[in-house]
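Enquirer: The structure that follows is given in the form of structure tokens.
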Amino acid sequence: MSISSIGAQSALIMQQLTQMRAQFDDLQRQLGTGQKSATYAGLGINRGVTVSLNAQLSAIGGYDNTIDNVMARINLMNTALGNMIDITSTVKSAMVQANGVSNGSGAMVAQQTAQSSLDQLLALLNAQAGDRYLFSGRATDKPAVETLDHILNGDGTQAGLKQLIAERNQADMGSDGLGRLNIGALGANGVQVAEQATSFGFKLGSITSTITGATVSGPTGAPASMSIDFSSATPNPGDTVTLRLNLPDGTSENLTLTATTDSPPGANQFTIGGTPGQTATNFQTALTTAIGKLGASSLTAASAIAASSDFFNADANNPPQRVGGSPPFYAATGTVPGTTSNTVIWYTGETGTDPARSTATAKIDPSLSVSYGARGNEDAIRNLVQNVATLAAVTISPTDPNGVALSSALDQRLTNNLGQPGTQTIADIETDLASAQTSLQAAKDRHQQASSTLSDFLQQINGVSNEDVGAQLLTLQTRMQASMQVTSMLTQLSLVNFIK
């Protein structure tokens, strides 16, 4: 009688145990991860769909990361813009308070407020998100604006705003302080006012009179002149002569002189003389005094506005216009282009003619991009910087007899410039960025819905039921225990035990 070998059967049982152990480990992995397979190959015919779904989810995640970054940048920009609006209110309030003070001390306080506000404003324009400057256009690695000191005081051989204002003031005022006007007698009974051959100073607008018999003419000629003749005049107290004078910043002032019998006359008055010649002489004296005061106030303010406008409307490609000639500039006749080597360029970011918002774009969806860029020299921002800097740059002494009038003339112009209708405002920039934020949030909401749908679909393909896996684990565990018991018994089987 022969006995068959049990070696082959034992090997088969061991192989089955190994397979069950591997299956047991895989079920444990499924129970721990909730995923049917750790590899795409284990998904069979669904592996292609799974790859596609994961790619879509990854793309959505990338878009969402972009949205989060752009949202953070826009939030910082909106914070800066909101602070700029606050600065506008602060400076306007300081100018109102300055006009309520009867001496130049109010102007000094307003100037100090302007200097601190300008410092804050420039810091806001140089705001960064990470290593990205937010108001430099496409030049995100460069600060948007120069420092306060360089803008106001210059940098070495480069002139700053204060120097340009001083040069322009000399050119506009002239050596005699009459705004480049020549005032003199016209015959025995007349007075003539004539422009000098220059683009600076007062420009004659018109002359009118309520004096019976007085003859007014002009302005005519080049340079222009206008006159009044008292030869047939019979002035009465209260009669007036009004000159309209045009100023360098595009504004105009009406200068009215009133006839009086008082001697000496009051401010902006002229004494009626015993003869037409005496009246003309008195009128000329009063006109010269009034023109001098108007030059020290309204013309000085308008001159500062004009110089500031040249300074801040310039960039590296178009440096500001400078007063031509050599200092002192009392006899200057026109302007010449400045250069980047002799004039500070206040805006150091990227310049361009395209919309500022287009300087930064982000793709937030396969078919959608948003624009959220900004330049520090946009009209609304430049206008704010220009007017605050002008207030900071014009020094008004408390002892200046024309200080209050100068402060009032300057503040009036700056206040008007800070609220010009029909021009871009800081709020307009905020509105543009708010529109971008709306698009960003809408895209993120769509991504959340799409991500949820795709994740559910992916779960149906690759996911498992914990209950089913648990049941399979228990079943497999029972089978493994039974198989191991049988295997243990077989390992103890011998020929003697078999015969028994």
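Enquirer: List the strands (runs of 3 or more DSSP E) that sit entirely inside region 253-350 and contain at least 1 residues that are aliphatic (A, V, I, L, M).
Expert: Working: elements: 269-271, 321-323, 335-337.
Those strands (runs of 3 or more DSSP E) span 321-323, 335-337.
Enquirer: Please give the number of the condition residue 268 fails out of (1) free of Cβ contacts under 8 Å to residues at least 24 places away in the same chain; (2) more than 38 Å from the chain's Cα centre (by Cα); (3) surrounded by fewer than 16 Cβ atoms within 10 Å (Cβ to Cβ).
Expert: The failed condition is (3).
Enquirer: Oh, and also: How many residues does region 179-188 contain that are touching a residue at least 24 places away in the same chain (Cβ under 8 Å) and crowded, with 22+ Cβ neighbours inside 10 Å?
Expert: Total satisfying the criteria: 2.
Enquirer: Which one of the conditions (1) surrounded by fewer than 22 Cβ atoms within 10 Å (Cβ to Cβ); (2) closer than 18 Å to residue 295 by Cβ does residue 417 fail to meet, given that it meets all the rest?
Expert: Unmet for residue 417, out of (1) surrounded by fewer than 22 Cβ atoms within 10 Å (Cβ to Cβ); (2) closer than 18 Å to residue 295 by Cβ: (2).
Enquirer: Given the conditions (1) in a strand (DSSP E or B); (2) buried (at least 21 other Cβ atoms within 10 Å of the Cβ); (3) at pLDDT below 95, which single one is not true for residue 245?
Expert: Going through (1) in a strand (DSSP E or B); (2) buried (at least 21 other Cβ atoms within 10 Å of the Cβ); (3) at pLDDT below 95 one by one, residue 245 breaks only (3).
Enquirer: Among the residues in region 301-308, are any within 23 Å of residue 198 (Cα to Cα) and under 20 Å from the mean Cα position of the chain (by Cα)? Give the derivation first.
Expert: The initial filter retains those residues of region 301-308 that are within 23 Å of residue 198 (Cα to Cα), namely 301-308.
Applying the additional criterion that residues be under 20 Å from the mean Cα position of the chain (by Cα) yields 308.
Looking through region 301-308, at least one residue is within 23 Å of residue 198 (Cα to Cα) and under 20 Å from the mean Cα position of the chain (by Cα).
Enquirer: Closer than 30 Å to residue 202 by Cβ, in contact with a Pro (Cβ under 9 Å, 6 or more places away or on another chain) and not basic (Lys, Arg) - does that describe any residue in region 320-334? Step through it out loud before you land on a result.
Expert: As a first pass, look at region 320-334 and keep what is closer than 30 Å to residue 202 by Cβ: 320-334.
Add one more test, that the residue is in contact with a Pro (Cβ under 9 Å, 6 or more places away or on another chain), and what stays is 320-322.
Those left that are additionally not basic (Lys, Arg): 320-321.
Yes, the conditions are met somewhere in region 320-334.
Enquirer: On to the next question. Within region 408-446, which residues are hydroxyl-bearing (Ser, Thr, Tyr) and over 22 Å from the mean Cα position of the chain (by Cα)?
Expert: We begin by selecting, within region 408-446, every residue hydroxyl-bearing (Ser, Thr, Tyr); these are 408, 415, 423, 425, 431, 435, 438-439.
Passing the criteria: only 408.
Enquirer: Kindly indicate whether residue 314 is of a type in the set (A, V, I, L, M, F, W, C) and either over 30 Å from residue 180 (Cα atoms) or touching a residue at least 40 places away in the same chain (Cβ under 8 Å) (or both). Working first, answer last.
Expert: Working: of a type in the set (A, V, I, L, M, F, W, C): yes; either over 30 Å from residue 180 (Cα atoms) or touching a residue at least 40 places away in the same chain (Cβ under 8 Å) (or both): no.
So residue 314 does not fit the description; no.
Enquirer: Got a sec? Which of 106, 160, 130, 154 is on the phi > 0 side of the Ramachandran plot and surrounded by 15 or more Cβ atoms within 10 Å (Cβ to Cβ)? Explain how you work it out, then say what you get.
Expert: Details: 106 fails: on the phi > 0 side of the Ramachandran plot; 160 fails: on the phi > 0 side of the Ramachandran plot; 130 fails: surrounded by 15 or more Cβ atoms within 10 Å (Cβ to Cβ).
Answer to the check: 154.
Enquirer: When you go through (1) farther than 22 Å from residue 358 by Cβ; (2) in contact with a Phe, Trp or Tyr (Cβ under 9 Å, 6 or more places away or on another chain) one by one for residue 123, which number turns out not to apply?
Expert: Against the list (1) farther than 22 Å from residue 358 by Cβ; (2) in contact with a Phe, Trp or Tyr (Cβ under 9 Å, 6 or more places away or on another chain), residue 123 comes up short only on (2).
Enquirer: Out of (1) in a helix (DSSP H, G or I); (2) surrounded by 21 or more Cβ atoms within 10 Å (Cβ to Cβ), what's the single condition that is false for residue 370?
Expert: (1) is the only condition that residue 370 fails.
Enquirer: Go through region 351-366 and report how many residues are of a type in the set (A, V, I, L, M, F, W, C) and in a loop (DSSP other than H, G, I, E, B). Even if it seems obvious, please write down each step before you answer.
Expert: Just the residues of region 351-366 that are of a type in the set (A, V, I, L, M, F, W, C), to begin with: 356, 360, 362, 364.
Checking the rest, the ones that are also in a loop (DSSP other than H, G, I, E, B) come to 360.
Looking only at that region, the number is 1.
Enquirer: Another question, then. Filter region 391-419 for residues that are assigned to a helix (DSSP H, G or I), within 16 Å of residue 96 (Cβ to Cβ) and among the small types (Gly, Ala, Ser) and give the result.
Expert: 407, 408, 409
Enquirer: Now a separate question. So for region 134-143 (the condition being within 36 Å of the chain's Cα centre (by Cα) and not in a loop (DSSP other than H, G, I, E, B)), does at least one residue qualify?
Expert: From region 134-143, those within 36 Å of the chain's Cα centre (by Cα) are 134-143; that's our starting set.
With the extra rule that they be not in a loop (DSSP other than H, G, I, E, B), the set shrinks to 136.
Scanning region 134-143, I find at least one residue that is within 36 Å of the chain's Cα centre (by Cα) and not in a loop (DSSP other than H, G, I, E, B), so the answer is yes.
The values are calculated or read from the model by the stated rules, or taken from the named source; none is laboratory data. Quick caveat: nothing in here was measured; it's all calculated off a predicted structure. With ideal geometry, Cβ positions are generated from the backbone for all residues, glycine too; neighbour counts draw on all protein chains shown.
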